[in-house]
Amino acid sequence: MNQSSVRPYRAAIYLAPSAYGKEIDSAEALSSCKEYIRDRADMKLMRIYRDKGVRVIHTPEQNGRRTPLSVSGNEAWQRLLRDTETSAIEAVVIYGARTVAPSISGLATLLREYFIPCKVRFIDFEARFDSETDDPESYLKAKTREYRSTLYRKKANR
């Protein structure tokens, strides 16, 4: 098949504040993600989704067991996921993993149980990760190390 006849991925950019770690400059993040898409012939920017007031909710321990972290204020993320379900969006570009999930287990679940099986391309600009070409397990290991390092620094600064 001729390369010019291949339809580009319908891509979206998702922006949100950091759930953990270093804050993100949203203007810089948007510019970087737009440039990333613009530089690829196999992607076309269709939409930009923004969540501005995302909050990580720490639920109290129940029966001595930790409960998972959850998020509120991520309505744009929920719209983006619905748009991937209808194939309106086929590729998601984020600036950094810390803007998508409050924990690495949440990110891993999204990748392993949604994006990869549903063949939705997932790109983390900051990590230079693309689910189409890179190993998701190596990416998740690196993100786990980064997340743990952030937690250790946070505890040390208390």
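Derivation of every value follows stated rules applied to the coordinates shown; laboratory data play no part. Since the structure is predicted, the reported quantities are computational estimates derived from the model, not experimental observations. So basically every Cβ, Gly included, is an ideal-geometry build from the backbone, and we count neighbours across all protein chains shown.
Karplus-based coupling profile of region 10-25, in residue order and whole Hz: 7, 10, 9, 10, 10, 10, 7, x, 5, 7, 7, x, 5, 5, 10, 7, with θ = phi - 60° in 6.51 cos²θ - 1.76 cosθ + 1.60 and x standing for Gly or Pro. Checking every one of the trypsin sites (Lys or Arg not before Pro) in region 17-46 against DSSP loop status and a limit of 12 other Cβ atoms within 10 Å picks out K22. Under 5 Å from the amide H of I24 lie the amide H atoms of S18, each residue being 5 or more positions distant or on a separate chain, with H modelled from the backbone and absent for Pro and chain starts.
Here are some pairs, K52/K119; K119/K143; K52/K141; K22/K143; K22/K52; K44/K143; which of them have Cα atoms lying more than 24 Å apart in this structure? Violating the 24 Å Cα-Cα cut-off are K52/K119; K52/K141; K44/K143. Averaged over residues, the count of other Cβ atoms within 10 Å places the peptides 126-138, 80-92 in the sequence 80-92, 126-138, highest first.
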